[in-house]
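Engineer: My questions will all concern the structure given below.
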Amino acid sequence: MSEGPAARAPLLVGGRHLSGALVLGLDTCTRWLHVALVGGDGRLLASHGEEVRTHTTRVLASMDRVLRQAGRDRGELAGLGIVTGPGSFTGLRVGISTALGLQSALALPVFGMGSLEALARAVAWEGDGLALLDARRSEVYVQGFRRAGAAVSALGPPLALSPADAAERAASAAWAVGDGVPLVGGWKASCRLLAEVPNLAVPAAVHAWEALLEGRRREPLAPLYVRAPDVRSPG
């Protein structure tokens with residue numbers, strides 16, 4: 001007779017039992033700095049979001065703040081989820097370098113999630129929709145997704161489009177989310193809209209927690225830029 005879930009030994013990751021695992025989520029892709037802590041049952045324990053001029057001086061302090069809210073510390077973490085873009089080029093570099101530093105210092109597995117996928121997973125609306133971020137330079141980052149229950153699947157790659165080009169996709173969307181929504185016209189009256197950026201660290205943390213639980217292999221961590229950086233080195 002096979003053992004039921006309650007009878008199985010808890011999984012171990014780096015010597016930590018997943019039955020009580022803590023996973024931290026981090027998002028530095030936009031002007032917002034988002035942090036979230038998910039517990040061993042996949043439940044949100046604490047979160048923090050603040051608008052920042054620069055992520056560099058705030059990221060570690062914000063992470064420790066969330067851990068203190070839950071009465072925990074970095075040494076108890078079993079994994080880390082990081083939002084990998086597209087978004088702010090400087091913010092992405094700060095977030096990924098922080099994640100890699102924690103990976104090395106604490107021997108943590110790190111899992112990445114795209115910012116547009118995180119947006120799509122932050123809302124529970126069914127059907128085909130769009131995730132949009134303000135990309136500056138008169139463009140929006142946009143990607144289509146289909147949600148059916150808890151399953152979210154991408155309908156194509158992330159793109160940097162003009163608002164006019166993005167509006168061609170808006171006409172058929174059942175929902176849309178992100179700070180790029182107000183930049184795009186053509187939404188039908190029945191389309192559900194959330195014209196802001198929710199805490200993207202939450203879906204990133206849940207994604208990492210699920211990846212640990214399922215024993216998924218980690219992929220190399222790299223920023224997703226979609227377009228060339230705004231500032232280039234001379235020569």
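The values are calculated or read from the model by the stated rules, or taken from the named source; none is laboratory data. The shown structure was predicted, so the numbers you read here are calculated from the model rather than taken from an experiment. Methodologically, a virtual Cβ is constructed for each residue, glycine included, from the backbone with ideal geometry; neighbour enumeration extends over all protein chains shown.
Engineer: What single numbered condition from (1) part of a loop (DSSP other than H, G, I, E, B); (2) closer than 29 Å to Leu159 by Cα fails to hold for Gly49?
Structural biologist: The one condition Gly49 does not meet is (1).
Engineer: Could you check the stretch 191-212 and list, in sequence order, the residues that are small (Gly, Ala, Ser) and either within 26 Å of Pro109 (Cα to Cα) or assigned to a helix (DSSP H, G or I) (or both)? Give the derivation first.
Structural biologist: The first filter runs over the stretch 191-212 and keeps only residues small (Gly, Ala, Ser), leaving 195, 201, 204-205, 208, 211.
The answer is Ala201, Ala204, Ala205, Ala208, Ala211.
Engineer: Looking at (1) touching a Lys or Arg at 6+ places or on another chain (Cβ under 9 Å); (2) of a type outside the set (S, T, N, Q); (3) not assigned by TED's automatic domain parsing to the domain that holds Leu133, can you tell me which one Pro220 breaks?
Structural biologist: Just one mismatch for Pro220, condition (1).
Engineer: Do we find that Glu196 is at pLDDT below 95, charged (D, E, K, R) and surrounded by fewer than 18 Cβ atoms within 10 Å (Cβ to Cβ) in this structure?
Structural biologist: no
Engineer: Of all residues being buried (at least 20 other Cβ atoms within 10 Å of the Cβ) and touching a helix residue (DSSP H, G or I) at 6+ places or on another chain (Cβ under 8 Å) in the stretch 207-222, which is modelled with the lowest pLDDT? Just the residue, please.
Structural biologist: If we take residues in the stretch 207-222 being buried (at least 20 other Cβ atoms within 10 Å of the Cβ) and touching a helix residue (DSSP H, G or I) at 6+ places or on another chain (Cβ under 8 Å), then Leu212 is modelled with the lowest pLDDT.
Engineer: Is one or more of the residues making up the stretch 136-155 in a loop (DSSP other than H, G, I, E, B), surrounded by fewer than 15 Cβ atoms within 10 Å (Cβ to Cβ) and hydroxyl-bearing (Ser, Thr, Tyr)?
Structural biologist: yes
Engineer: Can you report the number of residues in the stretch 119-134 which are under 17 Å from the mean Cα position of the chain (by Cα) and surrounded by 24 or more Cβ atoms within 10 Å (Cβ to Cβ)?
Structural biologist: Keep residues of the stretch 119-134 that are under 17 Å from the mean Cα position of the chain (by Cα), which gives 119-124, 130-134.
Applying the additional criterion that residues be surrounded by 24 or more Cβ atoms within 10 Å (Cβ to Cβ) yields 119-120, 130-133.
Total satisfying the criteria: 6.
Engineer: Return a yes/no flag: does the stretch 205-212 have any residue that is free of Cβ contacts under 8 Å to residues at least 40 places away in the same chain, farther than 18 Å from Thr28 by Cβ and not charged (D, E, K, R). Reasoning before the result, please.
Structural biologist: First, the residues of the stretch 205-212 that are free of Cβ contacts under 8 Å to residues at least 40 places away in the same chain: none.
Checked the stretch 205-212: no residue is free of Cβ contacts under 8 Å to residues at least 40 places away in the same chain, farther than 18 Å from Thr28 by Cβ and not charged (D, E, K, R).
Engineer: Step by step: first the residues of the stretch 47-69, then only those that are closer than 17 Å to Leu102 by Cβ and small (Gly, Ala, Ser), then the one that is surrounded by the most Cβ atoms within 10 Å (Cβ to Cβ). Which residue is that?
Structural biologist: That would be Ser62.
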